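Peer 1: I'd like to ask you about the structure that follows.
Since every read-out is calculated from the coordinates, none of them should be taken as a lab result. Keep in mind that this is a model prediction, so the values were computed, not measured. Heads up, the Cβs are rebuilt from the backbone with ideal geometry, glycines too, and the neighbour counts pull from every protein chain shown.
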Number of protein chains: 2
Amino acid sequence: MKKNSTDKRTRIMNAALDLIAENGFHASPTSLIAKNAGVGMGTIYRYFENKDALIEAIHQETHEKLITEIFSEDSEKQPVRERFIRVFTNLIKYMIRYPHISKFLEQYYNSPYGIDKKREKLSSGDDPFGKLMNYAKSQHIIKNLDNHVLHAIAFGPFIFLLKDHIAGFIQIDDEMIGKIVEACWDGLKR
Amino acid sequence: MKKNSTDKRTRIMNAALDLIAENGFHASPTSLIAKNAGVGMGTIYRYFENKDALIEAIHQETHEKLITEIFSEDSEKQPVRERFIRVFTNLIKYMIRYPHISKFLEQYYNSPYGIDKKREKLSSGDDPFGKLMNYAKSQHIIKNLDNHVLHAIAFGPFIFLLKDHIAGFIQIDDEMIGKIVEACWDGLKR
DNA sequence: GAAAACAGAGTGAATGATCATTCCGTTCTT
DNA sequence: AAGAACGGAATGATCATTCACTCTGTTTTC
């Protein structure tokens, strides 16, 4: 039985993800990450250059997984409204299904890490949402506003609400998801 | 020339506010707060029990100032739509005029402090936005959704956008404010 | 095929850095 | 001069990171 070193790497990443989701970056010492992953502290540094690199790796992986999943059924042949509604709905369901990932990403984007990452994303130009927005604008289906503003109208409400959901103030069910998505679309459409 | 002890208290609070806004909680050591406030480290502990108490005091003060200011012109006699638009517009302008306060509050509400504070607010029931929402719902002017959801639709977009503004990705001018507020209203109204 | 030598993953005590907080000598106020 | 206010070095706690060592599986030697 060959020891798969990916196994330990994964265990470290999962332990860190869980801890950061539950306690935040600053209450997730490497010692605890190592303990929860069932490895020695030194082992973390065999797989990651330092703690930042570990966090970056987790972000990269979760972000990719998220984007892939929520756009999985998206097709340029569908009507724009349908596409928006499907993608938003997927996003919300995903976030609710994987609360630890949501919390991690939320923390990440609210930290100094996140700002730089966003800057990178924007300049590299591979933003599937941006493309969808641009197309919808060219068809005069949604308001002709800066993409940042459209992003805000589309995602702001749910990001806001997610905190309430995670904190336990509300319970988001399928019916509510439908209504939220509709309301966001109302804000977006011409 | 009498040394007013309130003066030092204020200087400490302002220094902490600025540092936290610019660098976050965890890059704002008491030593630096003291230095920027022009006082000794020990002095901070004459005015605040500990660092948490200092942060709570800053929150309390900035939050009160914010609420007072954005509701200053609000009157129950005005039409609901006008009231929403005025209050939102005030909020956005305030946040843009005082970016350090905005950043501080954003950090605060994204930290463990903030969650507890929100819980407190909700149970105490003194939420002027909630009242406005309830009234508008009773008049069938806005969608009949849970207040959390309405809050999210109303404030989510701007909170989201504010980060972009502060990070320098966009420049929010008066025309943009008007459009954002309209879009939020579109999401809210029946 | 057994024993010896090696390789390198894994470990966690030790290190050094950074903080919040305290404590006591100094400075101001009355 | 007494007492309050102040300053900042000292303290003790918490971390990320390192590094000398162990352990296990593999290769070489005879």
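Peer 1: Once the label point is set 7 Å along the Cα-to-beta-carbon vector, what list of distances in nm do you get between A:Lys179 and its counterparts in the other copies?
Peer 2: Reported distances to equivalent positions: 3.0 nm.
Peer 1: Something else now. Given the C-alpha centroids of segment A:166-185 and segment B:131-190, what is the distance between them in whole angstrom?
Peer 2: That distance is 16 Å.
Peer 1: Follow-up question, since we're still on this one. List the GluC sites (Glu not before Pro) within segment A:1-68 that fall in a DSSP loop (any state other than H, G, I, E or B) and whose Cβ has at most 15 other Cβ atoms within 10 Å.
Peer 2: Hits after loop and neighbour filter: A:Glu49.
Peer 1: Roughly how crowded by other chains is peptide A:181-187, in terms of the mean Cβ count from those chains within 10 Å of each of its Cβ atoms?
Peer 2: 6
Peer 1: Please list, by residue number, every one of the trypsin sites (Lys or Arg not before Pro) in segment A:85-167 that is coil in DSSP and has at most 16 other beta-carbon atoms within 10 Å.
Peer 2: none
Peer 1: Would you be so kind as to identify which of A:Gln107, B:Ala154, B:Ile141 lies farthest towards the positive end of the dipole of the protein assembly as shown, taking Lys and Arg as +1 and Asp and Glu as -1 on Cβ and the Cα centre as origin?
Peer 2: The residue sitting farthest along the positive end of the dipole is A:Gln107.
Peer 1: More than 16 Å apart: what percent of Cα pairs in segment B:1-48 qualify?
Peer 2: 32
Peer 1: Which lysines, if any, have their Cα less than 16 Å from the Cα of A:Lys8, not counting same-chain residues under 8 positions apart?
Peer 2: List returned: A:Lys35, A:Lys51.
Peer 1: Size of the dipole of chain B about the Cα centre, Lys and Arg at +1 and Asp and Glu at -1 on the beta carbon, nothing else charged, in debye to 20?
Peer 2: Numbers: 27 positive and 25 negative charges, 62 e Å.
With Lys and Arg at +1 and Asp and Glu at -1, about 300 debye.
Peer 1: Stokes-Einstein D for the protein assembly as shown at 4 °C, 1.567 mPa s, Kirkwood Rh over Cα pairs, in µm²/s?
Peer 2: D = 57 µm²/s.
Peer 1: If you put a point 7 Å past Cα along the Cβ direction, how far is that point for B:Glu69 from the same point in each other copy, in nm, smallest first?
Peer 2: Copy-to-copy label distances at B:Glu69, shortest first: 4.1 nm.
Peer 1: Using the Cα centre of segment A:1-48 as the reference point, and only Cβ charges (+1 on K/R, -1 on D/E), how large is the resulting charge dipole? Debye, rounded to the nearest 20.
Peer 2: Numbers: 7 positive and 3 negative charges, 72 e Å.
Result for segment A:1-48 is approximately 340 debye, rounded to the nearest 20.
Peer 1: Considering only A:Gln78, A:Ser123, B:Thr68, whose Cα is most displaced toward the positive end of the charge dipole of the protein assembly as shown, charges sitting on Cβ of Lys, Arg (+1) and Asp, Glu (-1)?
Peer 2: A:Ser123
Peer 1: Can you give the average number of partner chain beta-carbon atoms within 10 Å of each beta-carbon in peptide A:158-171, as a whole number?
Peer 2: Counting other chains' Cβ atoms within 10 Å and averaging over A:158-171 gives 5.
Peer 1: Could I ask something else about it? Express in % the proportion of alpha carbon pairs of segment B:56-188 at distances exceeding 21 Å.
Peer 2: 42
Peer 1: Assume the label is 7 Å from Cα along Cα to beta carbon: what separations in nm does B:Gly125 have to the matching positions in the other copies?
Peer 2: In ascending order, 5.7 nm.
Peer 1: Normalised by the number of residues in chain A, what is the relative contact order in percent for Cα pairs under 8 Å and 6+ residues apart? Before the final figure, lay out each step's value.
Peer 2: On the way: 123 pairs, mean separation 37.2, N = 190.
Taking the mean separation of contacting Cα pairs over the length of chain A, I get 20 percent.
Peer 1: Under a straight-distance cross-link criterion of Cα-Cα below 17 Å, which lysines are reachable from B:Lys131, leaving out those fewer than 8 residues away in the same chain?
Peer 2: B:Lys77, B:Lys118, B:Lys121, B:Lys143, B:Lys189
Peer 1: Moving to a separate point now. Report, in debye and to the nearest 20, how large the dipole of the protein assembly as shown comes out about its Cα centre when Lys and Arg carry +1 and Asp and Glu carry -1 on their Cβ.
Peer 2: Numbers: 54 positive and 50 negative charges, 79 e Å.
For this selection, approximately 380 debye.
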